[in-house]
Amino acid sequence: MQDLLNTTHAFYFRTFVLFDLILCLSIVIRISVVVTDGAMVSSFYVLPRLCSKSFLNFIHKTAEYCNSSPFKNLQALQLFSATSKTETKRCIPSTIGLPSYVTSSQLKTPSIAEIKTDEQISQMLPACKLAASILKHVGNNIKVGITTDHIDDMVFSKCIEAGAYPSPLLYKGFPKSVCTSVNEVACHGIPSKQILNEGDIVNVDITVFYNGYHGDTSATFSLGKVDDRSRELMLATQDCLNAGISVCRDGALFSDIGDIIFEKACEAGFEVIPFFCGHGIGTYFHGPPDIVHVPSDHLGTERMKAGMTFTIEPILCDGYAEIKILDDGWTVVTTDGSRSAQYEHTILVTESGNQILTK
Ligand SMILES: [Co+2]
């Protein structure tokens with residue numbers, strides 16, 4: 001996942017957290033998070049639902065996620081997205097730490113690029129390794145005929161199994177645990193009932209919050225036999241990511257990343273979508289520095305320093321690099337309908353070069 005370059009999001013969401021105590025056989029602590037596009041909505045509706053089928057399903061599902069007995073040490077997280085008119089219910093064991101944007105509306109990002117200590121890096125590494133292993137799991141299980149909601153379920157359950165929180169869930173109101181971007185969707189696709197067909201390409205963008213840190217990685221997968229041009233697009237995008245990573249070291253210019261990615265994409269006959277950038281990452285999902293994937297004057301002579309961690313995540317398309325955002329406020333598509341591909345790693349800048357943390 002990534003930030004829109006030099007913009008704040010067009011949609012503002014407000015999260016409202018309520019704690020309900022329900023005495024039943026024991027105590028369930030439920031966190032209801034209501035997301036609206038401005039107005040706060042109360043969500044005290046538990047008691048009327050105590051005997052309803054949906055509430056029993058809710059309790060059952062909640063219990064499934066926890067090894068302890070039902071109604072004990074559980075927290076459930078419930079999202080209503082007023083803009084998308086969809087409802088997502090997710091239950092999270094109380095042992096799993098939640099990011100600040102879930103428990104409050106605060107994003108808590110640093111104002112300048114952070115230089116992490118060895119200790120901070122060792123605390124962050126497990127989140128990155130976990131994101132990589134979940135992406136691998138999705139790659140092994142993705143197939144023609146499944147829905148993008150199924151990918152969301154896979155990612156969610158793998159996170160919970162590992163004791164991690166799926167970072168996209170409720171981030172600025174995003175309703176699902178992962179971004180799934182199919183064909184002409186450039187990024188931030190919302191998992192849905194859309195079925196994956198033979199010949200499709202889909203980017204799966206996974207970020208997990210684990211041990212107090214986020215780890216972020218994505219890849220584009222092909223479904224069955226895809227056309228030659230799509231395969232070339234995927235390979236070129238991977239090459240661009242690798243080239244971007246290759247220039248990272250202590251003292252290198254940030255602008256080197258965009259220069260080499262743009263050059264490689266042009267050589268391969270594709271365009272780089274310039275509007276989205278990589279980002280600093282740590283205890284925060286998105287923070288400084290912005291990693292621009294095209295040549296950029298405004299980066300000036302800013303240089304990388306050992307200890308910085310950030311993502312590189314170029315999006316290439318097989319057409320004009322113009323995009324629009326759909327009415328759901330998230331889904332980014334190419335305006336000409338051309339296909340796009342994206343790959344992403346979280347990296348650490350070191351004295352001698354760099355380390356890919358999400359490998
Ligand atoms: Co990202």
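The values are calculated or read from the model by the stated rules, or taken from the named source; none is laboratory data. No experiment lies behind these values; they were computed from the predicted model shown. Cβ: placed from backbone, ideal geometry, glycine included. Neighbour counts: every protein chain shown.
Descriptive notes on the structure:
- Residue ID - farthest from Gly300 (Cα to Cα), chosen from residues in segment 243-272 that are assigned to a loop (DSSP other than H, G, I, E, B) and aromatic (Phe, Trp, Tyr): Phe270
- For segment 332-351, a tally of residues being out of contact with any Lys or Arg (no Cβ under 8 Å at 6 or more places or on another chain) and within 16 Å of the ligand (Cβ to nearest atom) returns 7.
- The residues listed here are Ala127, Ala131; of these, the one that is of a type in the set (A, V, I, L, M), modelled with pLDDT of 95 or more and in contact with a His (Cβ under 7 Å, 6 or more places away or on another chain) is Ala127.
- Given (1) at pLDDT 95 or above; (2) in a loop (DSSP other than H, G, I, E, B); (3) of a type in the set (S, T, N, Q), index of the condition Thr311 fails: (2)
- For segment 171-208, the candidate set comprises residues that are surrounded by 22 or more Cβ atoms within 10 Å (Cβ to Cβ) and small (Gly, Ala, Ser); within that set, the residue that is nearest to the chain's Cα centre (by Cα) is Ser177.
- Test: residue in segment 352-359 that is more than 26 Å from Arg229 (Cβ to Cβ) and either within 12 Å of the ligand (Cβ to nearest atom) or among the hydroxyl-bearing types (Ser, Thr, Tyr) (or both): yes
- Only one of Cys240, Cys277 that is part of a strand (DSSP E or B) and under 25 Å from Thr331 (Cα atoms): Cys277
- Under the condition of being more than 16 Å from the ligand (Cβ to nearest atom) and either of a type in the set (A, V, I, L, M) or in contact with a strand residue (DSSP E or B) (Cβ under 6 Å, 6 or more places away or on another chain) (or both), the residues counted in segment 201-216 number 2.
- Index of the failed condition, Cys248 passing every other in (1) surrounded by fewer than 20 Cβ atoms within 10 Å (Cβ to Cβ); (2) among the hydrophobic types (A, V, I, L, M, F, W, C); (3) in contact (Cβ under 8 Å) with a residue 60 or more places away in the chain: (1)
- Of Ala236, Ala219, all but one fail to be buried (at least 19 other Cβ atoms within 10 Å of the Cβ), under 17 Å from Gln342 (Cα atoms), within 15 Å of the ligand (Cβ to nearest atom) and not polar (S, T, N, Q); the exception is Ala219.
- Ala268 being under 17 Å from the mean Cα position of the chain (by Cα) and more than 13 Å from the ligand (Cβ to nearest atom): no
- When segment 101-135 is filtered for residues that are more than 16 Å from Phe285 (Cβ to Cβ), under 20 Å from the mean Cα position of the chain (by Cα) and among the hydroxyl-bearing types (Ser, Thr, Tyr), only Ser133 remains.
- Single unsatisfied condition, Phe270 versus (1) out of contact with any Pro (no Cβ under 9 Å at 6 or more places or on another chain); (2) of a type outside the set (Lys, Arg); (3) surrounded by fewer than 21 Cβ atoms within 10 Å (Cβ to Cβ); (4) more than 25 Å from Tyr213 (Cα to Cα): (3)
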